[in-house]
Amino acid sequence: MTHASTHLSILNAMVWSGTEESPIERDIFVQDGILVDKPSTNSVDIDASGLTLIPGLIEAHAHLCFNAGADWRTVYDNDTSSSMLLRMVENGHKMLRSGITTVRDLGAPTELAVTLRDAIDTGVTRGPSLIVAGAPVTPTGGHCYFMGGEADGELGVRIAVRERVKARTDWIKVMASGGNMTPGTNVERAQYSVDEMRAIVDEAHRLGTSVTAHAHGVEGIRHALAGGVDMLEHCSFQTPNGSEPVAEVIADIVSSKTIVSPTIVGALSQQKNTERYSRRADLTKQLVESGARILMSTDCGIPNTPHEDLSYALEVMQDMSELSALETLRLATSTSAELLDLNDRGRIETGYRADLLALRSDPTKDLSALRDIEYVISAGKLVAL
Ligand SMILES: [Zn+2]
């Protein structure tokens, strides 16, 4: 590591640990990027009176390589690897400055995603801690084929999984249905047979890695569940009329303990009072009330969803789910860490990573406080805003 170690004592803050029922006034001590219970001898004091500290936010579904604009595809197609990697670095900075200290990138050229993750981990560049899938596994011409992840047939998809493990990705992402951003694919139909889905999951689990499936329409969701995936992205039960959940499939999601990553975006707030919004809200409520394991995600990077979208999206999530602000906040901190199997973060507790967000008001009462940032600390280091 090239960084000098930083020892911090953050004093008199109101601290929400990520799990408790409300913030409590206490001091926080950081040593070498980790939360400890006592100040170290040479630690720097920071007075945090009047501030609320919460764990750094976790974004479970991002695309650092997209520019969030209507022209995303033209920009993507005209990129060189170098220009794309620079955009990924800059988008990571934007996310970190908005309080997001962990990002799971679920679709980018594999080499770029792995290179950036490692560069951040080793201090070559700054950014949020990255968990990466690389190029999603998709059939020839399937959703996001342009990321370089095409694979067909049971043998083909097993090879695709092995290639990603060899490249050291953290998750396997598979496109189980078509996607809205890839013309010629059908969101209502499955892209892979149940046998292909089973082969992907079997190979991934055998090699010790987890699988998340992009799935919009019910057929894609069914195939992903039958294949035994660990997580579903979107899970929107999309039809031409909006979300139309199927009770029996929701029951399957709950009984199989499959995690749902719902990709709720802030821009949905402009659609309130539409049929589409209330259908999506009903689905979200059903998932929460049925006891499905759910975390927070946005799909940031796609058009109309800037990389800093998470705080806005959390307000939409709260409105749709009818959870309290505090319960909603858990979905992007402690719950997210737990469901992503990141047992070193998501809480302000001794032994955890010092990923902290210092806010000028209390977000457990009103989520809009997430945009009133005093400072961000990532792995014990102060981030320049
Ligand atoms: Zn996505």
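Listed conditions (1) in contact (Cβ under 8 Å) with a residue 24 or more places away in the chain; (2) farther than 19 Å from Asp282 by Cβ are all met by Asn343, apart from (1). Being under 18 Å from the mean Cα position of the chain (by Cα), on the phi > 0 side of the Ramachandran plot and modelled with pLDDT of 95 or more is the requirement here; does Asp341 meet it? Here the answer is yes, as Asp341 does meet what is asked. Quick check, is Asn180 part of a loop (DSSP other than H, G, I, E, B) and over 25 Å from Ala113 (Cβ atoms)? Here the answer is no, as Asn180 does not meet what is asked.
Table: residues versus (1) touching a residue at least 12 places away in the same chain (Cβ under 8 Å); (2) within 13 Å of the ligand (Cβ to nearest atom); (3) assigned by TED's automatic domain parsing to the domain that holds Pro136.
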site	(1), (2), (3)
His63	yes, yes, yes
Asp77	yes, no, yes
Ser82	no, no, yes
Gly92	yes, no, yes
Leu96	yes, no, yes
Arg104	yes, yes, yes
Ala108	yes, yes, yes
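Taken over the stretch 181-202, the criterion of being under 25 Å from Lys166 (Cβ atoms) and either buried (at least 21 other Cβ atoms within 10 Å of the Cβ) or within 16 Å of the ligand (Cβ to nearest atom) (or both) is satisfied by Gln191, Tyr192, Glu196, Met197, Ala199, Ile200, Val201. Looking only at residues of the stretch 254-277 that are of a type in the set (Ser, Thr, Tyr) and crowded, with 19+ Cβ neighbours inside 10 Å, we find that the one that is farthest from the ligand (Cβ to nearest atom) is Tyr277. If you check Leu51, Leu11 for being away from the ligand (no atom under 16 Å from the Cβ), of a type outside the set (Ser, Thr, Tyr), free of Cβ contacts under 8 Å to residues at least 60 places away in the same chain and in contact with an Asp or Glu (Cβ under 6 Å, 6 or more places away or on another chain), only one passes: Leu11.
The values are calculated or read from the model by the stated rules, or taken from the named source; none is laboratory data. For clarity, every value in this text was computed on a predicted model and none was experimentally measured. When we count neighbours, we look across all protein chains shown, and the Cβ atoms used for this are built from the backbone with ideal geometry, even at glycine.
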